[in-house]
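K.L.:
Have a look at the structure that comes next, please.
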Amino acid sequence: DFIISQPGVFKLLSASCTFSFVLLAIRIFVTGSLFYTFLAWNLFLAFIPFAVTTFMFRRKEFKTNSVKFLFLFSVWLLFVPNAFYIITDLFHLDEGTLAPQWFDLILIFSFAWNGLLAGIISMIQMERLIESYLSGRVKWLFLYFIMFLNALGIYIGRYLRYNSWDIITNPFQLAKDIAYLCIHPMRNSNDWGMIFCFAVLMTLIYKSFESINNSIAYK
């Protein structure tokens, strides 16, 4: 498990996050605009599932206590779409006009990259944690199911404008909007196209990282 066991990986991730925040601070100082400060909040949300699985990975009781495992797994499942949602912040590239576009591109992409990397590491950790619960074939189904839920969560957050905690604070309206999406698939064909394409893209990205991780680990 090269990626999730090497302290250098976490140091590099910390350095990359520091670079992102330095860029954000420079933009605020030079332009006087706080427009892109939402990137910091989105990155914080992206790191919640990473923090959850890292905590679980270092505590052996979560491999034997199914109640504790299911509780933190539910928390992780609720927040893990945020790690991939941050990719869609690239939609805001043309909205900030006070800085050069190349600078904003690097700024947004650096935050998106850090969130994506945190999400991938978190997914690898969770996959290792569930090895004792699921067989090899079921793990594949688990991965695709999680990536589909991630894509659905991205759609709900980006286009329906819900947050992760709305599942607790506004569950009925959230359920109503999801039901409409499912009951009328043809009316929402563009939305389903986005969801399925994102699910495939995230699965390919994750499996690419996992393949690299495994090939390095077994050398």
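K.L.:
Can you give the charge dipole size of the chain about its Cα centre, rounded to the nearest 20 debye, using +1 on the beta carbon of Lys and Arg and -1 on the beta carbon of Asp and Glu?
P.N.:
660
K.L.:
State the percentage of accessible surface on the range 41-178 attributable to carbon and sulfur atoms; use a 1.4 Å probe and exclude ligands, DNA and RNA.
P.N.:
Here it works out to 68 percent.
K.L.:
What relative contact order, as a whole-number percentage, does the range 1-113 give when Cα pairs under 8 Å and 6 or more residues apart are counted?
P.N.:
Relative CO of the range 1-113 lands at 34 percent.
K.L.:
Give me the 1.4 Å probe accessible area per residue for the chain, excluding ligands and nucleic acids, in Å².
P.N.:
55
The values are calculated or read from the model by the stated rules, or taken from the named source; none is laboratory data. Since this is a predicted model, take the numbers as computed values, not measurements. Reconstructed Cβ throughout: ideal geometry from the backbone, glycine too, with neighbour counts over all protein chains shown. These area figures cover heavy atoms from the full protein model, side chains too; ligands, DNA and RNA do not enter into them. Shrake-Rupley method; radii C 1.70, N 1.55, O 1.52, S 1.80 Å.
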